[in-house]
Every structure is written in C-alpha cells, then in structure tokens.
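Everything on this sheet refers to the single structure shown next.
The values are calculated or read from the model by the stated rules, or taken from the named source; none is laboratory data. Computed from a predicted structure; not experimentally measured. All Cβ positions, glycine included, derive from the backbone under ideal geometry; neighbour counts span all protein chains shown.
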Amino acid sequence: MNLRDKYNHAIQIAKGFRMEGAAEERDGKLYFKGQVQSQDEVNEIWTAIKTVPDWRNDVVAEVTIDPNAKPAGATYTVKAGDTLSKIAKEHLGDANAYMKILDANKSVLSDPDKIKPGQVLTIPKA
C-alpha cells in the first residue's frame, strides 16, 4: 500500500476544506503541505493524519492558515448594489451559499432579497 492510500482519509479531509497545497509521496515519506482557512481545519487534518499509528515515520506535514483567510464569524457591512449571492461568492467562495448568510442573520434578515446598505451581517464559516 502506498502512502497516499494509507493516508487517504486525511487527504480527503484536506480536499473537503479546499486546502491549497498537496500531499506528495517521495523518498518513502508523504509530504503534506498546504494552507486552509482556520485553526479548526488545521486541527482536523492533523487528527486525520494521526489516526495512522506510525504517522511519525511516514508524514512530513506543514499545514498552516491562509493569511488572507476571512475569520469565521466575521462581519460585513452591506453596500449599495450588494446581494446576498454576491456577498456569499466573495466571502464563502460560492454564490449559492447565500442561505448560510441568511440563516446566520435571522435576527436582522427575513428575506434574502431585502438587504439594505449599512446593515451589518455575520458571515459564517465557509
């Protein structure tokens, strides 16, 4: 079994977080290097790596937080011309994630089409 197969679970976790980087096998080691959006994501990847008992012998990893990552629970002030889809695309990477923003702001929004400039919205984790 090659190391990519052995650590497939950790690789899939990283892919699920859209880690920018790679897991490359060379010289009998799996080099796992990349950036994710939060410390929680870093921790989950490490937890997945450590499910393999001899990970210390197999893996050289450097998983860090993207310095440009928008923090979870960040706020955004609505500007003229904004839509929830536009805000979702910018902050969550997917315009269709506008419902996540709506759900996180039920106290101030009742309709996704009725946002107003000046409203401060909580942006949930992607």
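Specify which of the listed residues (27, 82) is of a type outside the set (Phe, Trp, Tyr) and either surrounded by 13 or more Cβ atoms within 10 Å (Cβ to Cβ) or at pLDDT 95 or above (or both). Show your work before the answer.
On the way: 27 fails: either surrounded by 13 or more Cβ atoms within 10 Å (Cβ to Cβ) or at pLDDT 95 or above (or both).
Result of the check over 27, 82: 82.
Given the conditions (1) more than 30 Å from residue 49 (Cα to Cα); (2) out of contact with any Phe, Trp or Tyr (no Cβ under 6 Å at 6 or more places or on another chain), and given that residue 62 satisfies all but one, which numbered condition is not satisfied?
Unmet condition: (1).
Could you list all residues from region 114-126 that are charged (D, E, K, R) and in contact (Cβ under 8 Å) with a residue 12 or more places away in the chain? Please lay out each step first, then the result.
Here is the first cut: in region 114-126, the ones charged (D, E, K, R) are 114, 116, 125.
Selection gives 116, 125.
Tally the residues that are more than 24 Å from residue 19 (Cβ to Cβ), touching a Lys or Arg at 6+ places or on another chain (Cβ under 9 Å) and not small (Gly, Ala, Ser), restricting the search to region 99-126.
Matching residues across region 99-126 total 1.
Across region 41-78, which residue is farthest from the chain's Cα centre (by Cα) among those that are under 17 Å from residue 123 (Cβ atoms) and either polar (S, T, N, Q) or exposed (fewer than 12 other Cβ atoms within 10 Å of the Cβ) (or both)? Full working, then the answer.
Let us first name the residues in region 41-78 that are under 17 Å from residue 123 (Cβ atoms), namely 41, 65-66, 68-78.
Cutting the leftovers down to either polar (S, T, N, Q) or exposed (fewer than 12 other Cβ atoms within 10 Å of the Cβ) (or both) gives us 68, 71, 73, 75, 77.
Numbers: 68: 12, 71: 10, 73: 13, 75: 17, 77: 22 Å.
The selected residue is 77.
Among the listed residues 90, 41, which satisfies the condition of being of a type in the set (Asp, Glu) and farther than 17 Å from residue 20 by Cα? Before the answer, list the steps.
On the way: 41 fails: farther than 17 Å from residue 20 by Cα.
90 is the lone residue from the list that is of a type in the set (Asp, Glu) and farther than 17 Å from residue 20 by Cα.
Residue 97: among the small types (Gly, Ala, Ser), in the same structural domain as residue 32 (by TED's automatic domain parsing) and either modelled with pLDDT of 90 or more or surrounded by 14 or more Cβ atoms within 10 Å (Cβ to Cβ) (or both), yes or no? Before you say what the answer is, go through the steps one by one.
Values: among the small types (Gly, Ala, Ser): yes; in the same structural domain as residue 32 (by TED's automatic domain parsing): no; either modelled with pLDDT of 90 or more or surrounded by 14 or more Cβ atoms within 10 Å (Cβ to Cβ) (or both): yes.
No, not satisfied.
For residue 125, which of the numbered conditions (1) basic (Lys, Arg); (2) in contact with a Gly (Cβ under 8 Å, 6 or more places away or on another chain); (3) modelled with pLDDT of 90 or more fails to hold?
That leaves (3) as the condition not met.
Return the pairs, sorted by first residue and then second, in which the second residue is in a strand (DSSP E or B), the first residue lies in region 27-56 and is among the basic types (Lys, Arg), the beta carbons are less than 6 Å apart, and the residues are 6+ apart or on different chains.
So the pair list comes out as 29/60; 33/21; 33/62.
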